[in-house]
Amino acid sequence: MSNYKIILSGGGTGGHIYPAIAIANELKSRYPDAEFLFVGAKDRMEMEKVPQAGYEIKGLWISGIQRKLTLKNLSFPFKVISSLWKARKIIKSFKPDVAIGTGGFASGPLLYMAASNNIETLIQEQNSYPGITNKLLAKKAKKICVAYDGLERFFPEDKIIKTGNPVRQGLLNVDTKTVEAKDFFDLKHGKYTLLIIGGSLGSRRINELIEKELDFFDTQNIQIIWQCGKLYYQQYKIYNNTNNVQVYEFLNNMDFAYAAADIVISRAGASSVSELCIVGKPVIFIPSPNVAEDHQTKNAMAIVNNDAAMIIKEEDLDADFENKFSQLVASSERQKELGENIKKLALVDATNEIVDEVEKLLKESK
């Protein structure tokens, strides 16, 4: 049977959205007649990115609890009740054979209601430290696909399958796209290109660093592709096309961005780390310290401990950045070493392995 109905939820950031889309794309290639429905959080980026990928999406009125005491938290219980009610309605109407969650606010109500209606559910956890949504869903999920060892601390061990994180298919052959990518961005061939990615919403601290170091990069004869993020684009777009700088709110052609880059500066979200392993470029990680259990530092150190990337903590940027960056640019041998080592850590079949597990659940559902 190939006319399955598959419901997916993951959002808030690209790190939750793109794994869900990658999983859906692989399922669609195996089951062209299957029906797909995404469920996201209203006003979050999935409401734009999922339709761009060709899938229908419905939105729930849901958001996370603010860490600071704020009036916004007063609406949280009402949002949960509203989202559970709407998720139940969506489940009853769509009648999915399987529900897949990749994290984010909306996946909680959806997968909870799916499991409560005896629908097979699968969680895909990207991080070394799970978010609260997936920890709460773990008891109800049938299978939990993970990217790191040691997650039996948080999830039932008999449900865990280590697969790695799904990545966009176009990243699997970026080595062949360098010339095309540099032309796409109108970059100078033979000149070092630095790619800065601070996450889909942007990183205040990384953006401040790049702005401060623009003259330094100019002395290093470097051209820059700078994804500053949606929250910061209005502030930093003034640097567009000055001193060999290109500023973007968001990069839709990440395969070309990676292909054009000689060096990458990045946050250490799980999806970014997984993509950078596959891309195989020298990386300087600047982990966000403002995440649960400092999991971005843990993500980055899993790579750094294999001599496959560099790390500079936010607190050390002013003291260490120029020195470490200069040393990396000056040593083509070190760049090659880091690129080769990080590529050895790539789990390139993650999407296929996750979809293999989904297939098993689909067969059990009939």
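Can you tell me which of I6, I62 is in contact (Cβ under 8 Å) with a residue 12 or more places away in the chain and in a strand (DSSP E or B)?
I6
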Are any residues in region 10-30 touching a residue at least 60 places away in the same chain (Cβ under 8 Å), open to solvent by 20 Å² or more (accessible area, probe 1.4 Å) and more than 22 Å from A268 (Cα to Cα), and if so, which ones? N25, E26, R30
Those residues of region 103-147 that are of a type in the set (A, V, I, L, M) and part of a strand (DSSP E or B) come to a total of 4
Across region 168-203, what is the number of residues that are modelled with pLDDT of 95 or more, assigned to a helix (DSSP H, G or I) and open to solvent by less than 20 Å² (accessible area, probe 1.4 Å)? 2
Among residues of region 31-63, those that are surrounded by fewer than 23 Cβ atoms within 10 Å (Cβ to Cβ) and in contact with a Gly (Cβ under 8 Å, 6 or more places away or on another chain), counted: 9
Quick one: what pairs do we get from region 202-231, first residue of a type in the set (S, T, Y), second open to solvent by 10 Å² or more (accessible area, probe 1.4 Å), C-beta under 8 Å, 6+ apart or different chains? S203/R267; S203/S288
Wholly within region 210-307, which helices (runs of 4 or more DSSP H) include no fewer than the required count, namely at least 3 residues that are within 23 Å of K336 (Cα to Cα) and either open to solvent by less than 60 Å² (accessible area, probe 1.4 Å) or in contact with a Pro (Cβ under 6 Å, 6 or more places away or on another chain) (or both)? 254-260, 270-279, 295-304
Mind counting the residues in region 76-129 that are β-branched (V, I, T) and open to solvent by 50 Å² or more (accessible area, probe 1.4 Å)? 1
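Condition first: β-branched (V, I, T), over 28 Å from Q327 (Cβ atoms) and over 18 Å from the mean Cα position of the chain (by Cα). Can you find one or more residues in region 236-247 that meet it? Let's see the steps before the verdict.
In the first step, residues of region 236-247 are kept if they are β-branched (V, I, T); the result is 238, 242, 245, 247.
Retained after the next criterion (residues that are over 28 Å from Q327 (Cβ atoms)): 238.
Filter once more, keeping what is over 18 Å from the mean Cα position of the chain (by Cα): 238.
Within region 236-247 (the criterion being β-branched (V, I, T), over 28 Å from Q327 (Cβ atoms) and over 18 Å from the mean Cα position of the chain (by Cα)), the answer is yes, since at least one residue qualifies.
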Hits in region 325-366 (condition: buried (at least 18 other Cβ atoms within 10 Å of the Cβ) and β-branched (V, I, T)): V329, I342, T351, I354, V355, V358
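The values are calculated or read from the model by the stated rules, or taken from the named source; none is laboratory data. What you see is a predicted model, and the numbers here were worked out from it, not measured in a lab. Positions of Cβ are generated from backbone atoms using ideal geometry, with glycine treated the same way; all protein chains shown enter the neighbour counts. Surface accessibility is based on the protein's heavy atoms, side chains included, excluding ligands, DNA and RNA. Shrake-Rupley method; radii C 1.70, N 1.55, O 1.52, S 1.80 Å.
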